[in-house]
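Notes follow once the structure below has been shown.
The values are calculated or read from the model by the stated rules, or taken from the named source; none is laboratory data. Please read these numbers as outputs of a predicted model, since none were measured by experiment. Reconstructed Cβ throughout: ideal geometry from the backbone, glycine too, with neighbour counts over all protein chains shown.
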Amino acid sequence: LETTEVGTLQIVSVPCLDDNFAYLMRDGTSGNVALIDAPESAAVEAALHALDWTLTHIFITHHHGDHIDGVEGLRARRTLDVVGSSVDAHRLPVLTRAVMPGESFAWGEIEVRVIDTPGHTVGHIVYHLPEAGVLFSGDTLFAMGCGRLFEGTAQQMWGGLSALMDLPDETVVFFGHEYTASNADFALTVDPQNEALHRRVHDVIDVLESGGRTTPTTLGLERATNPFLRAVSPDVARHLGLPDADPEIVFAEVRRRKDNA
Ligand code: ZN
Ligand code: FE
């Protein structure tokens, strides 16, 4: 089990289904254990058993089946607090806490901020723990990628990504899918002069070839190499034939190209 320690938190990535990541997060102070997204119950139960952790909470990022289908099976075996967006409560498993985008809630003694990131779905939210500097980005931000626009507009997605770009570079980002290899190939077509991107692509190829995982990433690394966040870069705008265009327009063009790649 691959564990990241951040302050009093231990965070374990749990590969699920074909390419999903769920995350188990334990707070050493309260003993609370949260699961961030529930693609399936079996892999999560196996990880809980191996860790000897008692699950207490589930935080849901959005309504897609590969993020919620495990909730009922997990809930059948224990009492859980299930947190999700009030905007999408009608199409999420029954929530014990419906949160408003923009609000904060207490998880034990830890503050969790709910950031509104519509685009992939209209009710997509991400969970930010500001003291620890941890972000669970669901299907909004991936390593060198971002979610497809199934429900929202490029403008909405760019708004959410812009809010994430306000977070500190050191923020550790736990994302929802291992799409990194194909994201890297695409990133090089959009941002071929970016030395940091080339270095990173070499690094992730090494990680993946040795059977490793590319999660987590950091916001600083994404800012430097993610072609969608690089919509703010004049180099990327010029390369796409959009010099002087607004970042939002450049972002929409990067998203369009990835959809057709
Ligand atoms: Zn999704
Ligand atoms: Fe997904």
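Structure summary
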{"read-out": "Given (1) aliphatic (A, V, I, L, M); (2) closer than 17 Å to G147 by Cβ; (3) in a helix (DSSP H, G or I); (4) touching an Asp or Glu at 6+ places or on another chain (Cβ under 8 Å), index of the condition L164 fails", "value": "(4)"}
{"read-out": "Unique residue being at pLDDT 95 or above, more than 16 Å from ligand 1 (Cβ to nearest atom) and within 18 Å of the chain's Cα centre (by Cα) when the list is I36, I110, I60, I115", "value": "I115"}
{"read-out": "Subset of segment 7-48 [loosely packed, with under 15 Cβ neighbours inside 10 Å and either more than 16 Å from ligand 2 (Cβ to nearest atom) or small (G, A, S) (or both)]", "value": "G7, G28, T29, S30, G31, A42, A46"}
{"read-out": "Scan of segment 183-196 for residues that are surrounded by fewer than 21 Cβ atoms within 10 Å (Cβ to Cβ) and either at pLDDT below 95 or of a type outside the set (F, W, Y) (or both), ordered by number", "value": "D185, L188, T189, P192, Q193, E195, A196"}
{"read-out": "Exclusive hit being over 15 Å from the mean Cα position of the chain (by Cα) and closer than 11 Å to I60 by Cα, set V87, V99, V122", "value": "V99"}
{"read-out": "Flag if L229 is touching a Cys at 6+ places or on another chain (Cβ under 9 Å) and among the hydrophobic types (A, V, I, L, M, F, W, C)", "value": "yes"}
{"read-out": "Sole residue being within 16 Å of ligand 1 (Cβ to nearest atom), touching a strand residue (DSSP E or B) at 6+ places or on another chain (Cβ under 8 Å), over 28 Å from T29 (Cα atoms) and touching a residue at least 12 places away in the same chain (Cβ under 8 Å), chosen from H67, H120", "value": "H120"}
{"read-out": "Subset of segment 1-57 (residues that are among the charged types (D, E, K, R) and in contact (Cβ under 8 Å) with a residue 40 or more places away in the chain)", "value": "E2, D19, D27, D37"}
{"read-out": "Every residue from segment 161-220 that is farther than 24 Å from L35 by Cα and of a type in the set (V, I, T)", "value": "T189, V190, V201, V204, I205, V207"}
{"read-out": "Residue in segment 145-175 that is farthest from A252 (Cα to Cα), counting only those that are more than 13 Å from ligand 2 (Cβ to nearest atom) and in contact with a Lys or Arg (Cβ under 8 Å, 6 or more places away or on another chain)", "value": "D169"}
{"read-out": "Among residues of segment 186-207, those that are part of a helix (DSSP H, G or I) and in contact (Cβ under 8 Å) with a residue 12 or more places away in the chain, counted", "value": "11"}
{"read-out": "Residue tally, condition more than 14 Å from ligand 2 (Cβ to nearest atom) and assigned to a strand (DSSP E or B), over segment 126-144", "value": "5"}
{"read-out": "Those residues of segment 213-244 which are in a loop (DSSP other than H, G, I, E, B) and touching a residue at least 40 places away in the same chain (Cβ under 8 Å), in sequence order", "value": "R213, T214, T215, P216, N226, P227, F228, S233, L240"}
{"read-out": "Cβ-Cβ under 7 Å pairs, at least 6 apart or on other chains, segment 89-109 side in contact (Cβ under 8 Å) with a residue 40 or more places away in the chain, far side assigned to a loop (DSSP other than H, G, I, E, B)", "value": "W107/N32; G108/T29; G108/S30; G108/N32; E109/T29; E109/S30"}
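One line per residue, one yes/no per condition, for (1) within 15 Å of ligand 2 (Cβ to nearest atom); (2) assigned to a helix (DSSP H, G or I); (3) among the aliphatic types (A, V, I, L, M):
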position: A50; (1), (2), (3): no, yes, yes
position: L55; (1), (2), (3): no, no, yes
position: I58; (1), (2), (3): no, no, yes
position: D66; (1), (2), (3): yes, yes, no
position: E72; (1), (2), (3): no, yes, no
position: T79; (1), (2), (3): no, no, no
position: G84; (1), (2), (3): yes, no, no
